[in-house]
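Below is one structure, written out as structure tokens, with a few remarks after it.
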Amino acid sequence: MKKKIAVLSCGWDYDFLKDFISGIESAAKDKNTDVYVFNAYNFIESSGLPNTTGFSVYNLVKYEDYDGIIVLSDFINNNRILEKERIKIVKSGKPAVSINRRMDGMVNVAIDNYSGFYEIMDHLIKVHKLTDFSYLGGKESNIYYAGRYKAYRTALTDNKIKADFEKVYEIDESNYYHAYNFAKELTSSDKPLPEVFVCSNDHVALGVLKACEEKGIKVPEQLKIVGYDNIDYARNVNPALTTVQTNANQAGLEAISILLGEKSGNESITVKGNPIFRCSCGCEENKEDAKVVSNLNLLNEISKTQEFNTQLEKIEDIFTEAGDIFTLLTNLEQFFGKSHHFEGDDFCIFLNSDWSSVLINSEEKLPQNLDYGTNVQSIVSIFNNKKNIRELISTKSLIPSRFVSQDQSSVFLVMPIFHHFYVHGYYVSKNNLSMLDNGFGYNWTRTFGNSIELFRKRNMFKIISQQNFKMSTHDALSGMLNRIGLEKLAKPFYEDNKKKELTTILFFVDINSMKTINDKFGHLHGDLAVKTIAAAVLEVVPKNWLSIRYGGDEFLVIGNSKSYNGEDYCTLITQRITKKTNVMQLPYNLSASIGTISLKPDSKLTLEQAVEEVDKIMYAKKQAFHKAQGDAGHGH
């Protein structure tokens, strides 16, 4: 039976992570084992609050269904989440490996971040005779950086060199951006530079190198720079960086070997890094090493990033331009059916089973949700590079069964799709790790989650706008359009009838003896009379016609037809009023006078002129009614 290994990761250190998973991939190959990487991203919201919603992807892992678990505990770097998952893993009884951080109930595979860095420090001191050092790193508190800083301090002490704390610089994060800004400011100041900058990783070293290049500071002649991780860029730059190869792939191999029972699970296993000496510390370039990656790869990386950003822009456009859910789904399927270079040849985008109701939810802010539910719906499914049917599957299944190959091992990457604190679903791909490059996965899932919220908010505003329009154009008492509605809707309706060569029909309905009803029986009965007559009209005329409360007791109806006898509706409205009032037992007779005219498509009358004409017709009928009643003081 095929084995399954779950990996819990947080993908910010993408260079290490790709090497680590590559090691896992090669170890699991030909061993009838599938690897499922559940990759989260934590970040700081614009409000300054930490967002850990991405860790909800671990809720998809049913540990009992796996044959082993690997936890990149130092990457996750959240004690509450780690402890929660540790308890569940231990309870499942499945073998587990923790990378770097010691966790009860798990074998520890540690990356030695100390030895390789110590060797580089010792090399700088003994070979290059350096004594003036500065250390530059971020505020991260994980074991990786702690081990590197400890090696820096210990090497100085062992070589009887005073560690100058004023030359230990701390930036917000160990990345290129923060390092470059720091070094740019430092090289522009009057502060003397050290002989060497020891950097917490290669990204930091590259930031310093770039600032030096801009200021004309020669490396290594005027300043030596060393990094850590041996990323591709470290080999490409001039001068190439002295650094440490972490051997993360070896750690992946060790972890899988333990979980598959090929290696005894000792309490702790250490994977050592090895120093690589290049020009940035003053050593001669290793010609063989220099050939590993050509400078053309740098251009390829730039092109790849630009292509990825374009992909994100197109995804955003699809959500922005879609006017309804059906159009949105159709356009997403068509787009990903043609363009999925980064997403992979086999991938699915799943949303929670209630996704359609969420997309039209008109709440200003969705409540917190970290649950994926019992079932998920694929809104995009690409298999063997071709579009597949959308399907509903059990969350426990995680992926459609056709994605699982029975004759070869695969690596599945699972990432959550969410906005702020609401989880919408997840993305899963097969044998495609490109999303782990340069934070692509973070940008992709954030873009998709943000786009869902943008679509939802746009629908919300559309609903609110419709509601506001209805409130502004409708009369609350009668339920008909008001005079504003007449202005905004009736004129376009009339012009449209002409274009479609339809006859326009107008009715003018006026309540008989309204003044008497109000004076004798009060305004509550007056309101009741208005509602009753309005209801009779609305019940009789076609729904696509416009019914308007034109005045206090006057109603205007505008309709259309190809062949029409207006008097039929006059009779029907009168009959409906009689039927309604017969069961109401009113203390007065409630009736209405109705006038109507029909306008051919080629009529020269404006709508205002037509309303005046039908008003005259209605008024004549009203006069006849009051004359028959012997009531001369009715007014109009």
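May I ask you to give the solvent-accessible area per residue for the range 386-491, in square angstrom, as obtained with a 1.4 angstrom probe?
With all protein chains present, the range 386-491 gives 44 Å² per residue.
Can you find, among Thr503, Ile76, Tyr66, the residue farthest towards the positive end of the dipole of the chain? Put +1 on the C-beta of Lys and Arg, -1 on that of Asp and Glu.
Positive-end residue among those listed: Thr503.
May I ask you to evaluate 6.51 cos²θ - 1.76 cosθ + 1.60, the Karplus curve with θ = phi - 60°, for each residue of the range 369-374 and list the ³J(HN,Hα) values in order in whole Hz, giving x for glycine and proline?
Here the 3J(HN,Hα) series is 8, 10, 9, 9, x, 7 Hz.
What's the carbon and sulfur percent of the chain's accessible surface, probe 1.4 angstrom, rounded to a whole number?
The value for the chain is 50 percent carbon and sulfur by accessible area.
Under the Karplus relation 6.51 cos²θ - 1.76 cosθ + 1.60, θ = phi - 60°, what is the ordered set of whole-Hz ³J(HN,Hα) values for the range 543-550, x standing for Gly and Pro?
Each residue's phi maps through the Karplus curve to give 5, 7, 7, 9, 10, 10, 7, 7 Hz.
Using +1 at the C-beta of Lys and Arg and -1 at the C-beta of Asp and Glu, which of Pro194, Tyr145, Ala155 has the Cα lying farthest in the positive direction of the dipole of the range 142-207?
Ranked along the dipole, the leading option is Ala155.
Any idea how far apart Asp602 and Arg483 come out in nm if each label point goes 7 Å out from Cα toward Cβ?
Each label point lies 7 Å from its Cα, and together they span 3.6 nm.
Going toward the positive end of the dipole of the chain, with +1 on Lys and Arg Cβ and -1 on Asp and Glu Cβ, which of Ser378, Val244, Asn230 do you reach last?
Looking along the dipole axis, the top candidate is Ser378.
Once you put a point 7 Å from the Cα of Lys491 and another 7 Å from the Cα of Ala476, both along the Cβ direction, what distance in nm separates them?
Here the modelled spin labels are 2.7 nm apart.
For a 21 Å ceiling on Cα separation, which of these pairs sit above it: Lys18/Lys150; Lys386/Lys430; Lys488/Lys622?
Where the Cα-Cα span goes over 21 Å, the pairs concerned are Lys18/Lys150; Lys488/Lys622.
With θ taken as phi - 60° and the coefficients 6.51, -1.76 and 1.60, list the Karplus ³J(HN,Hα) couplings across the range 79-94 in order, rounded to whole Hz; mark glycine and proline as x.
So the Karplus estimates, Gly and Pro as x, are 4, 5, 5, 4, 5, 4, 6, 4, 4, 5, 5, 4, 5, 5, x, 8 Hz.
If I fit a long axis through the Cα atoms of helix 566-582 and take the longest principal axis of the Cα atoms of the chain, what angle between them do I get, 0 to 90°, rounded to 10?
Between helix and principal axis, roughly 90 degrees.
Near the amide H of Cys10, under 5 Å away, which other amide H atoms are found, from residues 5 or more places off or on another chain, if H is placed in the peptide plane?
Placed amide hydrogens put Ala40, Ile76 under 5 Å from Cys10.
Could you calculate, for the range 345-495, the ratio of the Cα radius of gyration to the Kirkwood radius, expressed as Rg to Rh?
Result for the range 345-495 is an Rg/Rh of 1.18.
Can you flag which of Lys160/Lys184; Lys543/Lys616; Lys314/Lys365; Lys338/Lys396; Lys129/Lys218 are past 24 Å Cα-Cα?
From the list (Lys160/Lys184; Lys543/Lys616; Lys314/Lys365; Lys338/Lys396; Lys129/Lys218), the Cα-Cα distance tops 24 Å for Lys160/Lys184; Lys543/Lys616; Lys314/Lys365; Lys338/Lys396.
Could you sort Glu363, Glu195, Glu391 by their accessible area in this structure, using a 1.4 Å probe and putting the largest first?
These residues rank, largest area first, as Glu363, Glu195, Glu391.
Keeping every protein chain in place, order Trp355, Trp444, Trp12 by accessible area at 1.4 Å, biggest value first, i.e. largest first.
Greatest to least solvent exposure: Trp12, Trp355, Trp444.
Using the heavy atoms of the protein chains alone and a 1.4 angstrom probe, what is the accessible area of the range 55-107 per residue in square angstrom?
With the other protein chains kept in place, the range 55-107 gives 41 Å² per residue.
Could you tell me the center-to-center distance, by alpha carbons, between the range 239-269 and the range 415-440 in angstrom?
So the separation of the two Cα centres works out to 25 Å.
Using mean Cβ contacts within 10 Å as the protection proxy, how do 536-547, 270-281 order, highest first?
Details: 536-547: 17.1, 270-281: 20.7.
Put in order of decreasing packing, that is 270-281, 536-547.
Between [x] 1.46; [y] 1.25; [z] 1.03, which matches Cα Rg over 2.2 N^0.38 Å calculated for the structure shown?
Answer label, from the structure shown: [x].
Sorting His341, His474 by accessible area (1.4 Å probe), largest first, what list results?
The residues order as His341, His474, largest area first.
Just to verify a number: what accessible area does Tyr569 come out at with the full protein assembly present, 1.4 Å probe, Å² rounded to tens?
Surface accessible to solvent at Tyr569 totals approximately 50 Å².
Using a cut-off of 14 Å between beta-carbons, work out the net charge of the residues near Phe455 (Lys and Arg +1, Asp and Glu -1, Phe455 not included).
Residues close to Phe455 contribute a combined charge of -1.
Mind checking the alpha-carbon convex hull of the range 33-84 and giving the volume per residue in Å³?
88 Å³
Pop the C-beta distance of Asn51 and Glu363 into the FRET formula with R0 = 25 Å and round what comes out to the nearest 0.05.
The value I calculate is 0.80.
In Å², what does the accessible area per residue of the range 167-251 work out to with a 1.4 Å probe?
I get 42 Å² per residue for this part.
Taking R0 as 25 Å, what's the FRET efficiency between Val127 and Ile161 from their Cβ-Cβ distance, rounded to 0.05?
On the way: r = 15 Å, r/R0 = 0.58.
According to the calculation, E is roughly 0.95.
Just how large is the dipole of the chain about the Cα centre, in debye to the nearest 20, putting +1 at every Lys and Arg Cβ and -1 at every Asp and Glu Cβ?
Value, rounded to 20: 1560 debye.
The values are calculated or read from the model by the stated rules, or taken from the named source; none is laboratory data. The shown structure was predicted, so the numbers you read here are calculated from the model rather than taken from an experiment. Cβ coordinates were reconstructed from backbone atoms using ideal geometry, including for glycine residues, and neighbour counts include every protein chain displayed. Accessible surface areas use protein heavy atoms only, side chains included; no ligands, DNA or RNA. Shrake-Rupley method; radii C 1.70, N 1.55, O 1.52, S 1.80 Å.
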